[in-house]
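Enquirer: Dumping the structure here so I can ask a few things about it.
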Amino acid sequence: SSSDDNNNNNNSTTQSSSLLYPALEQQSTSTSNRKQKKVGSRSFLQVRATEASQVFSESKGASEARVMLNAMLEETQSKIDVEAAKCSKSLEKTKDALSMAENDIKAFTARATFARARILATQTGLTEAEGKGPALEKALEAHRNKCENDMESLRHQIKEIQGDLDQLEKVAEEAGHNIASDDAASLAVVGSDRSETAVVVGGNVSSSSSSSATSVAASLLGLGNGKLSSTASSLQSDFARTALQKTMTDLQRRHSRRQRHVKGKYGLWGRPSDRALIRGSTFDLFLVMQTHIADKRDDMKDSLNKIQSMCQKTETNLIEQATDVQSRLANLQTKLAEDTKEAIQEEERAHLTGKSLLQLKSEYASMSKQCETDLQDLAKQMCSIRQLRGQLFAAENKDPFIQDCEVSDWTPQECSVSCGGGIQTLARSIVVQPQGGSACPPLQMTSRCNEQSCPVDCSMSAWEGWSDCSAACGGGVRERIRRVEVEAVGAGEPCPSKTETESCGNDPCEEDCRLSSWTPWSNCSKACEGGFQVRMRKVSQKAKGAGYCPGPDSESRRQYKRCNEEACKPARARNGRLQCESELDVTFLIDSSSSMGFYSYHRVRKGLASLVMSFPTETSSSSRISIVAFSGPRDYKKFEKCTEATDDVVDPLADCGIWWRAHHFDDRKKASYYIDKTKFMEGSSFASGALAMALADIRGGRASAQPVVVIFTDGQVMSPRRTGEAAKALKQYARLVWVPIGKRAPLDLIKTWASQPVADNVLPVHHTSEFETVSFANRIVTAICPKVL
């Protein structure tokens, strides 16, 4: 059984080798034929020797036998030539097959090596990608949990603060109803000394010197002390509780200040009109508290939206990364399978070719030995014939000089072609001319040469397009492929790699923005008294991911430098007043809220009436003046009506406390008159509404005029959040100048609301007496007017 297997294996190897290299089968056949011819040649020699002996025995003589033997020598020489040519040809073909097999083994091994290298690189990529997948899944799960916890916490806080806001609104409604009826709560003052003042609430008298802020607030709001205390204790959010406590403290402080102003023959509460003023101021403070709580709620909603947006963005990014990893895994696995298949195939081909190479080497050695033996046998035959010829003459006692023709070895000439089969001429020369011996063989012979296939270089198609990058940022790879159009043949140039990879997506996932060059310096903002020039840089490329980008007002994007620092010199006969010579559309906003107070408002009004006289309006290129006085809504419902979408008709003055007193006046005297006759409205400070109304008016202003909005206020606005939003919108269309009044004005906040630079657009007034001076008017004129006279 094992012998049969070996025979089968040998047969299989020989068959595979012969299929790969046909010369092997041909040479095996030639070797067998030569062995058969060897036996035939010996029989032929014996026959011819017998014939020569018969000729000699028939007394025909040695001469005739010599002729026959010479012919035999010539024939044998011809056979040697043919056999030598055949052996040379067969050995050459076998050597070509050996060379081809060796080249094929090198090519197969090289391709297998390349495939193994790609397998190693792919396995490295797979290991990296397989590690990223679980890490991204964990990061995504942790991110979702954190986002959900953060958003749930904010939703809970929003719900709490909204509940507190609703409860405080009910309290305000109840207080308003009680005071309006003037039955459930009546205010009375007992005694004339402030230290002995008592507040009567529902018939209960308590000393004001020992009453808490809650008691005073309850009295002013027309509520029982227990009701307000119960409300305060039931509030859920810390912010609402703090806001209510601050409001009650402010109410107590403001009540004490009011008592000092209205004390007279009507008692500490003063006249009924004074009592209404105190009650109105009380409700204004309570409304401001409500709007501040609403601002806090809206800030939380904004935070919730930002968290949702940021969480969604981060989640999308993580999901995209996970998808990219999965896609890359699939591609790498496919590539691994393809490369593994190619490596196995090339290694198998190299193995089979190696076995064929061993068989070819064995056949080559056997063929070489057989050829050598056959040629030696033919040479021996010639030697035997010569001996026989000598013996025949010796039998006649003759010893003639006999010289066979001697020729040189064959000298091959160059083949007509280098491959694919050509013709080659072989030549030899006569070394010794024949004398009575065998004649000279042919001196020229042609044979086929270079019959091996011509080498063919591998031909590849053009590269196909690059694949998508495995990562949009942070470093990835992309790949392109090309196909083999013509395989290499023989010693042709082998095929290069069919795939090529390169790095891509090397930009960082988080990159800071890029800024343009600085613009030229602008014109000076003032004609004198020190203005500013500005230059800016725009964003030329946005930030990526969590990259940083400075804000438009940051020092790296906006810079200022002083200019025109000389003092302004008013023209003669103007009583020291400067006149604005620029074409402006000026809108003055006057805060007429309770926090300003009547006396402060009165001085501001008088100062503004004088200020507008510094803005000539006589020509078409002169200034135009608009005046808006503003307080605010009286209760939270009206505040919502003024700030939210509604189908109801909104009256700016009755509902929102905003009063247009002068609209695009081109008569400064008339404008001054209207300002002087503007009454104090009291109420809350709805600055955001006034700014929004000014913006709507500016959009329809003159294209040739520079719009400027100047707001006079103590900064105690009812909604800082909405005020900031309105100021931001307005600054896109006009210059916004703030004149903060008093020491309690929130300058840090106001600076964020004003146009830049702050030094030109925030002009604090510490005391209202300054409004009555010429220097105040000149200060405002130089601040907002680029050209003065």
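The values are calculated or read from the model by the stated rules, or taken from the named source; none is laboratory data. Bear in mind the structure is a predicted one, so any value in this text is a computation, not a measurement. Virtual Cβ from ideal backbone geometry, glycine too; neighbours counted across all protein chains shown. Side chains included, ligands, DNA and RNA excluded: accessible areas come from the protein's heavy atoms. Shrake-Rupley method; radii C 1.70, N 1.55, O 1.52, S 1.80 Å.
Enquirer: Does Leu426 satisfy the criteria of being out of contact with any strand residue (DSSP E or B) (no Cβ under 6 Å at 6 or more places or on another chain), closer than 18 Å to Ser447 by Cβ and surrounded by 13 or more Cβ atoms within 10 Å (Cβ to Cβ)?
Expert: When the stated conditions are applied, Leu426 does not pass them.
Enquirer: Return yes when Thr373 is hydroxyl-bearing (Ser, Thr, Tyr) and open to solvent by less than 30 Å² (accessible area, probe 1.4 Å) and no when it is not.
Expert: No, not satisfied.
Enquirer: Determine which single condition Lys361 fails, assuming it passes every other condition in (1) surrounded by fewer than 19 Cβ atoms within 10 Å (Cβ to Cβ); (2) within 37 Å of the chain's Cα centre (by Cα); (3) among the charged types (D, E, K, R).
Expert: Result: Lys361 fails condition (2) only.
Enquirer: Also: If we only count strands (runs of 3 or more DSSP E) wholly inside the stretch 527-583, which ones have 3 or more residues that are touching a residue at least 60 places away in the same chain (Cβ under 8 Å) and in contact with a Gly (Cβ under 8 Å, 6 or more places away or on another chain)?
Expert: Output list is empty.
Enquirer: Here is a further query. Quick check on Pro494: is it surrounded by 15 or more Cβ atoms within 10 Å (Cβ to Cβ), at pLDDT 90 or above and either among the β-branched types (Val, Ile, Thr) or part of a loop (DSSP other than H, G, I, E, B) (or both)?
Expert: Criteria not met by Pro494.
Enquirer: Within the stretch 381-411, how many residues turn out to be assigned to a helix (DSSP H, G or I), out of contact with any Asp or Glu (no Cβ under 8 Å at 6 or more places or on another chain) and charged (D, E, K, R)? Outline the logic, then answer.
Expert: Of the stretch 381-411, the ones assigned to a helix (DSSP H, G or I) are 381-395.
Remaining after also requiring out of contact with any Asp or Glu (no Cβ under 8 Å at 6 or more places or on another chain): 381-385, 387-392, 394-395.
Cutting the leftovers down to charged (D, E, K, R) gives us 389.
Counting residues in the stretch 381-411 that are assigned to a helix (DSSP H, G or I), out of contact with any Asp or Glu (no Cβ under 8 Å at 6 or more places or on another chain) and charged (D, E, K, R) gives 1.
Enquirer: Oh, and also: (1) assigned to a loop (DSSP other than H, G, I, E, B); (2) of a type in the set (Phe, Trp, Tyr); (3) in contact with a Phe, Trp or Tyr (Cβ under 6 Å, 6 or more places away or on another chain): which one isn't true of Trp518, the others all being true?
Expert: (3)
Enquirer: Now for a separate question. Please work out which residue is modelled with the lowest pLDDT, limiting yourself to the stretch 674-688 and to residues that are assigned to a loop (DSSP other than H, G, I, E, B) and open to solvent by 40 Å² or more (accessible area, probe 1.4 Å).
Expert: Across the stretch 674-688, the extreme among qualifying residues is Lys677.
Yes/no matrix, rows are residues, columns are (1) closer than 28 Å to Glu451 by Cα; (2) at pLDDT 85 or above; (3) open to solvent by 70 Å² or more (accessible area, probe 1.4 Å):
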site	(1), (2), (3)
Ser30	yes, no, no
Gly40	no, no, no
Ser78	yes, yes, no
Ala101	yes, yes, no
Phe108	yes, yes, no
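Enquirer: Considering Ala115, Ala135, which residue is open to solvent by less than 50 Å² (accessible area, probe 1.4 Å) and part of a helix (DSSP H, G or I)?
Expert: Only one candidate qualifies: Ala115.
Enquirer: Sort out which residues of the stretch 565-578 are surrounded by fewer than 18 Cβ atoms within 10 Å (Cβ to Cβ) and either touching a strand residue (DSSP E or B) at 6+ places or on another chain (Cβ under 7 Å) or closer than 30 Å to Arg634 by Cα (or both), and write them in order of number.
Expert: Cys568 - this is the single residue of the stretch 565-578 that is surrounded by fewer than 18 Cβ atoms within 10 Å (Cβ to Cβ) and either touching a strand residue (DSSP E or B) at 6+ places or on another chain (Cβ under 7 Å) or closer than 30 Å to Arg634 by Cα (or both).
Let's see how each residue does on (1) β-branched (Val, Ile, Thr); (2) touching a strand residue (DSSP E or B) at 6+ places or on another chain (Cβ under 9 Å); (3) open to solvent by less than 40 Å² (accessible area, probe 1.4 Å):
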position: Ser626; (1), (2), (3): no, yes, yes
position: Asp635; (1), (2), (3): no, no, no
position: Phe639; (1), (2), (3): no, no, yes
position: Trp659; (1), (2), (3): no, yes, no
position: His664; (1), (2), (3): no, yes, no
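Enquirer: It is to be established whether one or more residues within the stretch 507-524 are under 17 Å from the mean Cα position of the chain (by Cα), open to solvent by less than 70 Å² (accessible area, probe 1.4 Å), at pLDDT 85 or above and not small (Gly, Ala, Ser).
Expert: yes
Enquirer: Could you tell me whether Thr124 is exposed (fewer than 15 other Cβ atoms within 10 Å of the Cβ) and more than 21 Å from Tyr364 (Cβ to Cβ)?
Expert: Yes; evaluated as a whole, the condition is true for this residue.
Enquirer: Leu695 - would you say it is part of a helix (DSSP H, G or I) and closer than 24 Å to Leu285 by Cα?
Expert: The answer is no for Leu695.
Enquirer: Moving to a separate point now. Could you check the stretch 719-789 for helices (runs of 4 or more DSSP H) lying wholly inside it with 1 or more residues that are open to solvent by 40 Å² or more (accessible area, probe 1.4 Å), aliphatic (A, V, I, L, M) and over 25 Å from Thr617 (Cα atoms)?
Expert: 747-753, 758-761
Enquirer: Just checking, how many residues over the stretch 486-520 are among the basic types (Lys, Arg) and farther than 28 Å from Ala121 by Cα?
Expert: Here is the first cut: in the stretch 486-520, the residues among the basic types (Lys, Arg) are 498, 514.
Now drop any that are not farther than 28 Å from Ala121 by Cα, which leaves 514.
Count: 1.
Enquirer: Name the residues in the stretch 460-485 that are closer than 19 Å to Ala121 by Cβ, in a loop (DSSP other than H, G, I, E, B) and open to solvent by less than 70 Å² (accessible area, probe 1.4 Å), would you?
Expert: Hits for the stretch 460-485 are Ser467, Cys469, Ser470, Ala471, Gly475, Arg482.
Enquirer: For the stretch 257-268, does any single residue satisfy the condition of being among the charged types (D, E, K, R), part of a helix (DSSP H, G or I) and at pLDDT 80 or above?
Expert: no
Enquirer: Specify which of the listed residues (Leu653, Leu695, Leu691) is modelled with pLDDT of 90 or more, surrounded by fewer than 19 Cβ atoms within 10 Å (Cβ to Cβ), among the aliphatic types (A, V, I, L, M) and under 19 Å from Gly632 (Cβ atoms).
Expert: Leu653
Enquirer: Please count how many residues of the stretch 497-515 are charged (D, E, K, R) and either in contact with a helix residue (DSSP H, G or I) (Cβ under 9 Å, 6 or more places away or on another chain) or part of a loop (DSSP other than H, G, I, E, B) (or both).
Expert: Counting residues in the stretch 497-515 that are charged (D, E, K, R) and either in contact with a helix residue (DSSP H, G or I) (Cβ under 9 Å, 6 or more places away or on another chain) or part of a loop (DSSP other than H, G, I, E, B) (or both) gives 4.
Enquirer: Among the residues of the stretch 317-368, write down those that are among the polar types (S, T, N, Q), under 30 Å from Glu92 (Cβ atoms) and without any contact (Cβ under 8 Å) to a residue 24 or more places away in the chain.
Expert: Ser362
Enquirer: Another question, then. Across the stretch 765-776, what is the total count of residues that are under 18 Å from Gly531 (Cβ atoms) and under 56 Å from the mean Cα position of the chain (by Cα)?
Expert: In the first step, residues of the stretch 765-776 are kept if they are under 18 Å from Gly531 (Cβ atoms); the result is 775.
Then drop every residue that is not under 56 Å from the mean Cα position of the chain (by Cα), which leaves none.
Qualifying residue count, the stretch 765-776: 0.
Enquirer: (1) under 51 Å from the mean Cα position of the chain (by Cα); (2) in contact (Cβ under 8 Å) with a residue 60 or more places away in the chain: which one isn't true of Asp648, the others all being true?
Expert: Answer for Asp648: the failing condition is (2).
Enquirer: Then there's this: Could you tell me whether the stretch 656-665 includes any residue that is modelled with pLDDT under 90 and not in a strand (DSSP E or B)?
Expert: No: zero hits.
Enquirer: Restricting the search to the stretch 416-438, which residues are in contact with a Ser or Thr (Cβ under 9 Å, 6 or more places away or on another chain) and either outside any loop (DSSP other than H, G, I, E, B) or of a type outside the set (Gly, Ala, Ser) (or both)?
Expert: Of everything in the stretch 416-438, those that are in contact with a Ser or Thr (Cβ under 9 Å, 6 or more places away or on another chain) and either outside any loop (DSSP other than H, G, I, E, B) or of a type outside the set (Gly, Ala, Ser) (or both) turn out to be Cys419, Gly422, Ile423, Gln424, Thr425, Leu426, Ala427, Arg428, Ile430, Val431.
Enquirer: Hey, can you tell me all the residues within the stretch 395-404 that are aliphatic (A, V, I, L, M) and either open to solvent by less than 40 Å² (accessible area, probe 1.4 Å) or within 15 Å of Leu69 (Cα to Cα) (or both)?
Expert: Correct list: Ile402 only.
Enquirer: Take Ala671 and tell me if it is in a helix (DSSP H, G or I) and over 44 Å from the mean Cα position of the chain (by Cα). Break it down into steps so the answer makes sense when it comes.
Expert: Details: in a helix (DSSP H, G or I): yes; over 44 Å from the mean Cα position of the chain (by Cα): yes.
Criteria met by Ala671.
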